[in-house]
Structure formats: C-alpha cells, structure tokens
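Taking it in order: structure first as structure tokens, then the write-up.
The values are calculated or read from the model by the stated rules, or taken from the named source; none is laboratory data. Only a predicted model underlies this, so the values are computations on that prediction, with no experimental measurement involved. Every residue, glycine among them, receives a Cβ derived from its backbone with ideal geometry; neighbour counts consider all protein chains shown.
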C-alpha cells in the first residue's frame, strides 16, 4: 500500500474511532447522570475512562492495524493524558489572553486531533513516515 493510501486509511480510522469514543462518552455520561444519579463530574470521569478504552481499541485495530497489548496501551494512555493537559493549556492561554471561550475551543479542535494523530503514529504505534 502506498504511503498516501496508508496515511489516508489511518486518518479515516482515527476519525471513526474518535466518533465512536465520543458517542460512548456522551451516552455513558448521560446514562450515569440521568439513570444512575451520579454527579456530572464523576459521570464524565467514568465516561472518559470508558471512551478512552474504546478509542484505544478502535485506533489500535482500525487506524494503525496494530496488536492490542500492554506496550501500545501504556503509550496510548500517556499520549491521552498529555493531550488532555495540552488541551487545558491551550484553552487557558486563550482565556488568559482575553479571548472568548469559543476561540479556545476552536484552537483545541484545530490543533489537537492532527497533533494527537501524529504522536500516536510516531510514538504509540512506532510507525515511520513511510509506513
């Protein structure tokens, strides 16, 4: 498979995995809040954990066609935590600069998905530029 086709397939898998993880998070959080009566912060924390698992499985199998295992899971979790912290840093920088919160969200949406994709490709799944 050519580099462009491989990269395109991985990016499409990343998109679908992200959509599945987002739906998992939303459905889980709503259910835990409305049915189980949990506080929104706890419900979202649990939903995030479940969605991260869905994202890991989806990206490992669909995006990067790798084997599920401890090494990739550990690196995936490390990237996810770092991405969460960078997301807060970006949004906080916009807020500190006096920008509207929607500008912070826009910055996060534009910067984070491609960055996280590239970090997963190069670090989590250890793929080279021609893979």
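General remarks:
- Looking at 84, 92, 58, just one residue is at pLDDT below 95 and within 12 Å of the chain's Cα centre (by Cα), and that residue is 84.
- Condition check for residue 98: modelled with pLDDT of 95 or more, farther than 23 Å from residue 9 by Cα and part of a loop (DSSP other than H, G, I, E, B): yes
- Filter result for residue 14 (in contact (Cβ under 8 Å) with a residue 60 or more places away in the chain and either over 24 Å from residue 114 (Cβ atoms) or under 11 Å from the mean Cα position of the chain (by Cα) (or both)): yes
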